[in-house]
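Encoded as structure tokens, the structure appears first; notes follow it.
The values are calculated or read from the model by the stated rules, or taken from the named source; none is laboratory data. For clarity, every value in this text was computed on a predicted model and none was experimentally measured. Quick reminder, even Gly has a Cβ in these numbers, built from the backbone with ideal geometry, and neighbours come from all protein chains shown. Ligands, DNA and RNA are excluded from the accessible area calculation, which covers all protein heavy atoms including side chains. Shrake-Rupley method; radii C 1.70, N 1.55, O 1.52, S 1.80 Å.
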Amino acid sequence: MVVVGGGVVGAACAYYAARAGLTVTVIERGAVAGGTTGAGEGNLLVSDKEPGPELELALFSSARWTELAAEDGLGAAFEYETKGGLVVAETEEGAAGLEELAVRQRAAGVDAVAVPASGLPGYEPHLAPDLAGGMFYPQDAQVQPMLAAAHLLRASKAEVRTGVTVTGMLRSGDRVTGVRTDRGDLPAGAVVNAAGTWGGEVAALAGVTVPILPRRGFILVTEPLPSLIRHKVYAAEYVADVASDDEGLESSAVVEGTPSGTILIGASRERVGFDRTLSLPALRRLARQAIRLFPALADVAAIRAYCGFRPYCPDHLPVIGPDPRAEGLLHACGHEGAGIGLAAATGHLLAQSLTGARPDLDLGPFRPDRFPEQP
Amino acid sequence: MRDVVVIGAGPAGLAAAVTAATAGLDVALVDAGRRPGGQYYRHHAAETGALHHGWDAFVRLRDALDRLTYLPGHRVWNVEDGFTVHALAGDRDERPVRIDARTVIVATGAHDRSLPFPGWDLPGVLTAGGAQALLKGDRVTAGERVVVAGTGPFLLPVATGLAGAGATVAGVFEGNRPYGFARRVAGHADKLREAVGYAALLVRYRIPYRTGHAVVAAHGDGRVEAVTVARLDRDGASVRERVIVCDTVAVGYGFTPQLEIPVQLGCATRMDADGSLVVVADAAQRTSVPGVYAAGETTGVGGAQLSLVEGELAGLAAAEALGGIAADPAGVRRLVARRRRLRAFAEAMHRAYPVHPGWMDRLRDDTIVCRCEEVTRGRIAEAAGLGATDPRSAKLLSRAGMGWCQGRVCGYATSWLAASACGRSPGPDDLLGTARRPIAQPVRLRDLADDAPVRPHEVAQDPPVRPRDGAGGRPVRPRDGTLRAGPEGAVRPRDGNHPINPA
Amino acid sequence: MSQIVFEGRPVPFEPGQSIGAALTAAGIRSWRTTRFGGRPRGLFCGIGVCFDCLITVNGRPSLRACMVEARPGDVVQGGGPDA
Ligand SMILES: Cc1cc2nc3c(=O)[nH]c(=O)nc-3n(C[C@H](O)[C@H](O)[C@H](O)COP(=O)(O)OP(=O)(O)OC[C@H]3O[C@@H](n4cnc5c(N)ncnc54)[C@H](O)[C@@H]3O)c2cc1C
Ligand SMILES: Cc1cc2nc3c(=O)[nH]c(=O)nc-3n(C[C@H](O)[C@H](O)[C@H](O)COP(=O)(O)OP(=O)(O)OC[C@H]3O[C@@H](n4cnc5c(N)ncnc54)[C@H](O)[C@@H]3O)c2cc1C
Ligand code: FES
């Protein structure tokens, strides 16, 4: 089997496929984790998802990450931390909205603990004092995404070929029988498209359409501080923001500390194609939102900012599974702002469908051919 | 909206700003330093110029600062296209400042290029430029018994300056054997005079000067107490070592241009003869981005004289582009010829004083490479083993370059270590991967959150050109028809008010 | 001569000097330690590039000692907020 893409999703696919007994080669045009995985944050969130197929996938993935982290040395190697997420509301209505969502999430299997305003300092002593309340999600966890990708690849023992670009598909009729690269052809029993934001281009090489577009995100990084923030903390509006279809700039900062002492504040969402130019308006919003949550951050310096391009589909769900339009081709891409979190489940389910096992979750909602054909 | 904002008040920025202002443009000169002059003209608060080569040229430029708005102590952290310059003013009571301008001239100079070696993060190990800056700017000798090492002619003023200020210089250890270069120097009157001067000073202060030697380790408990110096063979391997007692090491392997602003703006870059990333500039010092000029070390390390010339050319070009103010062609020709000579000399210097990759072999697994995040050579090797095939991914997987200095200090070393792990040497893309700093200076979230207002005194005054009334600090209008700006003075004024900034 | 106070002890400076220069002139070579290895740090680049020289002045953290001009009575500690 050949996996196109050495990001966290490709790495998880390689890992589970190899464990299922397949011989795997990963083709990556750049460096391992050099794509969107190298520009993400590593939140493994269940808290931000409405009940539905994505939440089911996230819960399933959360359990897979816990298993992975328990394998020898892996958890420490990719800095797995079950720190939990705290969602806070600024207003009473916001708090009521949080509770309403939590009721539905609990029914889907999410742990959600209501935190009254008076209880917030017990979770986060430096939070703004005037918040209305919050919800604590113990299942929200964290990995360092680049290390996760790299260590999963290493643990898979797959052959990883960096600096090699897939330029076409080997075909036998409609069947995909391998990849063509700038370093020669590579026949394979199956080809997995784990090219993330570039998944649409790779799909096109096999003559099929998968509508994946970039959604830019900026992250702000502060100077290293003594431990100030214990959990992932974000405002209730974040959930609405994630699901939004608005083209313009949106953001709702997730604020969290890292093992190195820096605080990550991210991320913004904009649909502006692949434009890397720094957007000060985006950074300003992140800064304002972070200060709103943690007033003490006002005097903390940002030392770095970076951006990446989330791979998103029109219905905000990933594309996972065999492509009925091109036998031998499978997809594992389009995870938008949750690809780190969803990677483990994606790899697991994809390996099941590769080996003919019945997937633990229904892949129907993630079918590659679910989109109306472009005229 | 100003006509021009010049970033950096070293030789290049001063020359550019004064030239453009003298031509009648409305210029703001923004500089992080407390006093004008950048690195070369760094001076003490009570400086008389006795210690400085070319002090007269500096005084002329400094005296012309009343023709423009000079903003010292302003650290630029971002420049938006169009152009909006965002700076932080003041050293402790920091406040955000924003300046809008039609044109940007980047003259942000360079910093020392550092190479790691075991013990290089002990207190008392400084960059060569750092020791020099301390001496010139603060009149403090970095230590009592100093070893000077690295490569390049810059080690000579550092060593002789320290000795002149009373330090014992235990030796200058030059990594190369630049014999061919001596011939080149001999053909260059100015440079020859300088070289002879330094040679005499080495003798006077009894400073041993050894070529083909390097400091390969620093030792000490909590501070440097000694160094190991090695003689290097042709392949850069150490063949004979000895220990020298000292309390200070000043070490520099050339310079790294500071490119955060031009990289933010998307200016094309290339790799120069010394292996540094530099901005591509054309004959008129224009970068690939319209309205953005670059001068001085940012376009290639070449020393203060070259910076002055490029700055003046950039100022002239901006005046021509913005105000249709034509420069005196003979003056421009002189400047261009001088730039060509100085560039050629700089290139010869880079070839004579290369950094030999042998330094990598002298690292141990536990040698710190990234001082901020305390990333060792071993961890960078591990990142390479995990699939980091370029410096950017090495950084992502090891944290080298992610700290306070944003890879300014370790960027060169990390690039080499990452590339050589894949059996190659770093190319321009590798260097660019470590040079992107969208936030060029730390900025407090409070200041980031607020859109900084334009301060009243920074709003362009109109009209920008007015004959000097004798008292005020308005732009000078020469009587004889030829403006003399920088050393070569090649601006020719136009008649009447020029058409820039009518409102 | 004017003085600043570094970790409780007076340190003289000349007008116009940076705090880092004043400390170095007084024989103080390091004034903070690193986060992980506790390694001592003082001046390295001297021009505001390396951030080795971080200090807190009158309660304001994360300033570069080589960039901040000393003023009489400044109370200086090594390091930033993480120190
Ligand atoms: C600012 C930001 C913050 C985020 N925060 C989070 C978060 O907190 N939690 C979370 O779960 N997710 C987060 N994400 C989303 C997450 O980063 C992505 O969903 C995830 O990284 C996608 O991984 P991937 O492996 O599919 O894609 P990538 O990491 O992009 O990997 C795809 C790889 O394919 C390679 N490739 C493409 N075309 C070819 C070809 N033709 N030949 C060979 N190789 C090719 C690319 O070089 C690339 O390396 C964030 C994203 C952004 C931008
Ligand atoms: C520490 C040091 C000491 C040196 N000492 C000497 C010496 O004694 N003799 C010698 O011949 N050469 C010396 N050099 C070499 C020096 O590069 C050149 O001689 C010369 O100063 C280069 O002139 P320049 O105008 O191109 O840049 P510089 O003189 O470096 O001037 C650049 C200016 O830009 C400012 N700047 C940079 N970034 C920003 C920003 N983001 N915001 C605001 N301002 C900014 C800097 O503070 C500086 O004032 C030294 C170099 C260094 C790094
Ligand atoms: S000594 Fe490098 S920043 Fe002050």
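At a glance:
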| item | result |
| --- | --- |
| Residue match in the stretch B:106-113 (condition: within 11 Å of ligand 2 (Cβ to nearest atom), open to solvent by less than 50 Å² (accessible area, probe 1.4 Å) and away from chain C (no Cβ under 14 Å)) | yes |
| Subset tally (residues that are closer than 22 Å to B:CYS410 by Cβ and polar (S, T, N, Q)) for the stretch C:32-83 | 3 |
| Any chance A:GLY168 is away from ligand 3 (no atom under 16 Å from the Cβ), small (Gly, Ala, Ser) and within 9 Å of another protein chain (Cβ to nearest Cβ) | no |
| Residue match in the stretch C:55-71 (condition: over 9 Å from the mean Cα position of the chain (by Cα) and within 19 Å of B:GLY401 (Cα to Cα)) | yes |
| Filtered residues of the stretch C:49-65 (kept if in a loop (DSSP other than H, G, I, E, B) and closer than 15 Å to B:ARG371 by Cβ) | C:VAL49, C:CYS50, C:PHE51, C:ASP52, C:CYS53 |
| Selection within the stretch C:42-61 - more than 9 Å from every other protein chain (Cβ to nearest Cβ) and modelled with pLDDT of 95 or more | C:CYS53, C:ILE55, C:THR56 |
| Selection status of B:ALA57, away from ligand 1 (no atom under 16 Å from the Cβ), of a type outside the set (Val, Ile, Thr) and within 20 Å of the chain's Cα centre (by Cα) | yes |
| Some residue of the stretch A:46-53 being touching a Gly at 6+ places or on another chain (Cβ under 9 Å), in a helix (DSSP H, G or I), open to solvent by 20 Å² or more (accessible area, probe 1.4 Å) and more than 9 Å from ligand 1 (Cβ to nearest atom) | yes |
| Elements of type strands (runs of 3 or more DSSP E) contained in the stretch B:231-307, each with 1 or more residues being more than 16 Å from ligand 2 (Cβ to nearest atom) and of a type in the set (Lys, Arg) | B:238-245, B:269-271 |
| Single residue of the stretch A:36-46 satisfying the filter (more than 19 Å from A:GLY257 (Cβ to Cβ) and out of contact with any Pro (no Cβ under 8 Å at 6 or more places or on another chain)) that is farthest from the other protein chains (Cβ to nearest Cβ) | A:VAL46 |
| Selected residue (only one of B:ALA217, B:ALA226, B:ALA250, B:ALA170 is within 24 Å of B:HIS111 (Cα to Cα) and open to solvent by 10 Å² or more (accessible area, probe 1.4 Å)) | B:ALA217 |
| Those residues of the stretch B:416-425 which are touching a Ser or Thr at 6+ places or on another chain (Cβ under 6 Å) and either crowded, with 23+ Cβ neighbours inside 10 Å or within 9 Å of chain A (Cβ to nearest Cβ) (or both), in sequence order | B:CYS422 |
| Selected residue [in contact with a strand residue (DSSP E or B) (Cβ under 9 Å, 6 or more places away or on another chain), at the interface with chain B (Cβ under 9 Å from one of its Cβ atoms) and in contact (Cβ under 8 Å) with a residue 60 or more places away in the chain] from C:ARG64, C:ARG29, C:ARG39, C:ARG71 | C:ARG71 |
| Tally of residues being within 15 Å of ligand 1 (Cβ to nearest atom) and assigned to a strand (DSSP E or B) across the stretch A:303-318 | 9 |
| All positions within the stretch A:78-136 that are of a type in the set (Lys, Arg) and surrounded by 14 or more Cβ atoms within 10 Å (Cβ to Cβ) | A:LYS83, A:ARG104 |
| Residue check for B:GLY152: of a type in the set (Gly, Ala, Ser), more than 11 Å from chain C (Cβ to nearest Cβ) and more than 14 Å from ligand 3 (Cβ to nearest atom) | yes |
| Residue within the stretch B:14-23 that is among the hydroxyl-bearing types (Ser, Thr, Tyr), more than 9 Å from ligand 2 (Cβ to nearest atom), open to solvent by less than 10 Å² (accessible area, probe 1.4 Å) and under 22 Å from the mean Cα position of the chain (by Cα) present | yes |
| Residues located in the stretch A:165-199, provided they are over 24 Å from A:HIS348 (Cβ atoms) and within 24 Å of the chain's Cα centre (by Cα) | A:THR165 |
| Only listed residue being over 26 Å from B:ALA435 (Cβ atoms), within 16 Å of ligand 2 (Cβ to nearest atom) and crowded, with 20+ Cβ neighbours inside 10 Å, chosen from C:ALA21, C:ALA70 | C:ALA21 |
| Residue within the stretch A:25-35 that is surrounded by fewer than 22 Cβ atoms within 10 Å (Cβ to Cβ), among the hydroxyl-bearing types (Ser, Thr, Tyr) and within 14 Å of another protein chain (Cβ to nearest Cβ) present | yes |
| Selected residue (criterion: nearest to ligand 2 (Cβ to nearest atom)) from residues of the stretch C:30-59 that are farther than 18 Å from C:VAL5 by Cα and hydroxyl-bearing (Ser, Thr, Tyr) | C:THR34 |
| Verdict on B:GLY49 being open to solvent by 20 Å² or more (accessible area, probe 1.4 Å) and among the small types (Gly, Ala, Ser) | no |
| Failed item in (1) modelled with pLDDT of 95 or more; (2) open to solvent by less than 10 Å² (accessible area, probe 1.4 Å), with B:ARG338 passing the rest | (2) |
| Members of the stretch B:383-392 found to be open to solvent by 50 Å² or more (accessible area, probe 1.4 Å) and touching a helix residue (DSSP H, G or I) at 6+ places or on another chain (Cβ under 7 Å), listed by number | B:ARG392 |
| Subset of the stretch A:9-38 (residues that are of a type in the set (A, V, I, L, M, F, W, C) and either within 13 Å of A:ALA190 (Cβ to Cβ) or not in a loop (DSSP other than H, G, I, E, B) (or both)) | A:VAL9, A:ALA11, A:ALA12, A:CYS13, A:ALA14, A:ALA17, A:ALA18, A:ALA20, A:LEU22, A:VAL24, A:VAL26, A:ILE27 |
| Residues (within 7 Å of chain A (Cβ to nearest Cβ), open to solvent by 10 Å² or more (accessible area, probe 1.4 Å) and farther than 14 Å from A:ILE219 by Cβ) located in the stretch B:434-448 | B:PRO442, B:ARG444, B:ARG446 |
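Residues are listed down the side, and each one gets a yes or a no for (1) under 19 Å from the mean Cα position of the chain (by Cα); (2) closer than 14 Å to B:ASP100 by Cβ:
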position	(1), (2)
B:LEU25	no, no
B:ARG34	yes, no
B:HIS43	yes, no
B:GLU47	no, no
B:LEU61	yes, no
B:ASP66	no, no
B:ASP81	no, yes
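Conditions (1) in contact with a Leu (Cβ under 6 Å, 6 or more places away or on another chain); (2) assigned to a helix (DSSP H, G or I), marked per residue:
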| residue | (1), (2) |
| --- | --- |
| A:LEU186 | no, no |
| A:GLY189 | no, no |
| A:THR197 | no, yes |
| A:GLY200 | no, yes |
| A:ALA203 | no, yes |
| A:VAL208 | no, no |
| A:PRO214 | no, no |
| A:LEU220 | yes, no |
| A:PRO226 | no, no |
